[in-house]
Every structure is written in structure tokens, then in C-alpha cells.
Amino acid sequence: MHRSTVSSDGMSRLYRLLAAVERVGNRLPHPFWLFWILSATLAVVSLALATAGVSVVLPNTGETVAVRSLLSLDGLAFAAGSALENFAGFPPLAVIVVVLLGVAVAEKSGLLAALLRLTVVRLPTRLITFATAFAAMTAHVMSDTAYLVMIPLGALAFRAAGRSPVLGVMVAYVSTAVGFNASPLVTPGDGIRTALTTTAAQTVDPNHVVTPVALYFFSAASSVFLALVITIVVETVLAKRPDLDGDVDGEGEGVGGLALTALERRALVRALATLVVIVAAVVTALAVPGSPLMGDHGSVVRSVVITNIAVFLSFTFAAVGLVYGRVTGTIPSISAAPPVMIDGVRQIAPVIVLFFAVSQFLAYFDWTGIGSLVTVEGADLLHALSAPHWVILVAIVLAISVLNLVITSGSAAWSILAPVLVPMTMYIGMAPELAMVGFQIGDSVTNPVTPMNAYFIMALGYVQKYRKDAGIGTLMSFTVPIALAILVAWTAFFLLWYALGIPLGPGVDVR
């Protein structure tokens, strides 16, 4: 039997429900094939609607859009003739590849892991939970690699503080998963989501651009808020469990010791100096009168630096990573950087393969006119219901949090939902960035409780290093309370932010 003391009927029913979700989810095809199945379904639906002569009038332009059949000669010609353009022009593709070129260098050099270790070790022992949780928020800049760094780091940090390493694993895993879309830094995920949102928003307003920093104020504030909520739940509920005196003889491999060596500290200082020089150079270039880097009418928000921030982020990560790597010897020369970048891109090969299928589906969705039909009819339904915007936002959060139990890939889910959700909300007077916030919350909160999350099993494996008889129920008994608390607290935080009218990011009003 597991040592978990959670055995109430309610929790048992929850475990059975999650087990059912796991069984259903395991029967779903690979996302690559899922999008082709959706494309085939779209083709059949477009044929039926085109045969029936269905059309819709766009409220923003008055243009009439008739549904076109993908199963026609015109449709087949479009599908064959636009395939390469659809893929090459898919906005998230370039963004994620460019950003990861730099992030790969910073990660391989050991710089990012060193920063996380410094974040944890600098704070007093009594703040170890908050330090670990906030470090996880910062680690989101490494995308999924954050799990690989944070989970062993959490065990090490808690053992060093004389606390249960099992609890450390739980805090690190849940913090990384439940707040995956909140960070004090701009992450590759921000680039993917905002590129998809821009494409969807431009079906309504061709001039609307959503930059990777569009939600920065909210995301940065959320990272601190979520770390606090996680700390409160852990310290008041989970840390008091009587079953935390488990096996503590497991190994804490993965990131090395917590304390930084003298060499690592010297490397961090030089990397920080490099960062300061780069930032100063960019600010100086922007400050030059008539600088071509500035946007129209001297707008910083529309400047080349912000609208193409992926390029600047990649260069910055690569530069500071090279400096750190040269000092520590992890990247001994500039010539060693390209292989590291290649390895970084190789790690996202599955995402690139998925993007090919996603890009075709989205192109078909737009060409057939079904996207316009769904968004306009959906907007009319919302108008008829006369629901306040905050009610719609809560509904978006709840619906996506349930969907995320099965489809845990945020980029895949947003690829499907953005073309419908973003224009629909724009038609009822809501900013497209609001729809993205609602998605990001719902897409995060259920990450740690679903077995469909690939890192769920990895986290369980680390728990079993310290507690040999741990099982899925053990992990869920820790993750479910935090996930539920975050769902309520983060949604309330979002509604308060909306009510106060605080900008979501630079130049992005919440209303």
C-alpha cells in the first residue's frame, strides 16, 4: 500500500476519473495525425456547407464570405499549391527556432542552471519553498528543459535545508507545470503563442500585432503571485503530512551541488557584465534622434527591438552563454557554439514536424471560410447572451483547463483554438490579448495533475528514488490541492487585474 494518507471517497472518485481520462487520452492519435484528421473533417464539413450555400457577413468590414469546399478542384489546387508557403510562413516556426539558437547556448554552458541554483541558495532556509517555486517560474525560459533542471534541483534544495526531498520534488514539479505560462522573463512559449494570436487577430484587424511582451506585466506579476500561493498551500497543508519521513537515501543527480564554485561565480559576473553592455547598447541605439530602430512616431512598443524581440533575445542568450561557457570551459570556443545550437534545434524536431501539420490545417481553416463562419456566429451568440466580459473570461479558463487534461501541448491546443477564440472575442469588443490570458491560465493549472503530461511520470520516478512505494495516487495527492488552489487564485487575480484596468504589457490595455 502507498504511504499516502489520502483515501477519502472523494479522492478515490477523483483518481478513478483521472484514470479514465488517461485511458481515453492514450487512445488519441499522435498530434501530427490528429491535425490531419481535423483537416479531413474540415474538408467534409466545408463540402456540406458550400453545397448548402452558407455564407456570413463580417461585422468589421461588411464583406460577405461564402464557405468554399476543400473537396473541390479549387480546394485541392490550394492545398497542393500552398503547402510550402503555409509551412515556411507559419509565424511560430521562425520564432521558436531563432530563440532556441540562443537559449541552447545559455543552457549548455550551464549558465541557466547556475542562475537557478543561485536563486535558491541565496535565500534563508525558511524561504526554501518560495525560492524553489519562483526559480521554476524563471526556468520557463528553458521551455520543457525546465522540468529536467528543476525537479532534481528541488530535491537537492530541500535536502540541503533538512527537509523532505519528496516535498522538494513535488514543489519543483508543480511549480514548473502549474505556472508554465507565467515567468519574469520572456520565454520561447511567449513567442509561439503571440505569433499564433497575431495571425488570428489579423483576420479581424489586419494591422493588429501581438508582440512577445504583450502580456509581460501580467506574466511577471503572476510568477510572484503563483510562487506565493504555492508556498502557502505547501506550508499550511502539504508540509504537515505525517508521511513525509520517507526514504531519503536517493541520489540527487542532475544539476550538481547547490553552492556555486568560485569559477562559476566569476563566470556569472562576466556574463552579467556582458548583459549590461548589450542592454546599454540597445538603449543607446534607441535613444539616438530619428533612430530607425524606433517605431512610428517614436513608439518604443512598435520599435524593431520589441516587434522582433526574438532576434534580440537569441543574440543576448547566446552572448552571455558564450561568455559563461568560455570562463567555465563548458563552451571552450566560439567554434563550439554551432554544434550546441544544432543540438538545441534537434530537441525541438518533434515540434517542427507538428508545425507542418498545424500550418496546413490553419491555412485550410482560413481558406474555406469556416473560421469566419464560426467566429461571427459565436460572437452573435455571445452578444445574444449579453454575458459580461468577465464571465466569458472565466468560462474560457474553465473550459481550457478541462481540455488541457487530455491535450497537454499548449502550442497544439492554441493552434486549434486561437483562430476561433481570438476573432470571436474581438467581435464582442474584447482585446485579443485577453483571450490569450484566459488560455494561458487554463492551459497551465491542470498540467501537474494529468498523466497525459509526459513529465508526470518523470516526476513520479524522482519521488520513487526517495519513497520506493510511491505511486500515481501519491503524486496526485500532492499535486491536486495545489492545482485547485492555483485555478481559483490565479483566475481571481486575473479578474482583479481586469477590474483595475492595469495594462497587460507595454502598450496593451486590458480593456
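What ranking of Leu118, Leu475 emerges when the number of other C-beta atoms within 10 Å of each C-beta is taken as an exposure proxy, fewest first? Could the numbers behind the result be given before it?
Numbers: Leu118 16, Leu475 26.
So the ranking, lowest neighbour count to highest, is Leu118, Leu475.
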Task: Proxy reagent accessibility, fewest Cβ within 10 Å first, across Thr425, Thr284, Thr199 - done: Thr284, Thr199, Thr425
Open item on the list: Less than 16 Å from a label point 7 Å out along the Cα-to-Cβ axis of Asn308: which backbone N atoms in segment 74-95 qualify, by residue?
Closed with: 94-95
Task: Pairwise label distance in nanometres, Ala387 with Ala259, each label 7 Å out on the Cα-Cβ vector - done: 5.6 nm
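In what sequence do Ile441, Ile342 fall when counting other Cβ within 10 Å, fewest first?
Values: Ile441 27, Ile342 12.
With the fewest neighbours first, Ile441, Ile342 line up as Ile342, Ile441.
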Open item on the list: I need the phi-derived Karplus couplings for segment 217-229: 6.51 cos²θ - 1.76 cosθ + 1.60, θ = phi - 60°, integer Hz, Gly and Pro marked x.
Closed with: 4, 5, 5, 5, 5, 5, 4, 6, 4, 5, 4, 5, 4
Task: Peptides 146-155, 38-47 ordered by average Cβ neighbours within 10 Å, highest first - done: 146-155, 38-47
Open item on the list: Taking just the alpha carbons, could you work out the radius of gyration and Dmax for segment 351-503, both in angstroms?
Closed with: 18.2, 56
Open item on the list: Over 20 Å intervals from 0, what percent of Cα-Cα pairs in segment 89-500 sits in each interval?
Closed with: 26, 57, 17, 0
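No lab work stands behind these numbers, since they all come straight from the coordinates. All figures in this text were calculated on a predicted structure; none of them were measured in a lab. Glycine gets a Cβ as well: all are built from the backbone with ideal geometry, and neighbour counts include every protein chain shown.
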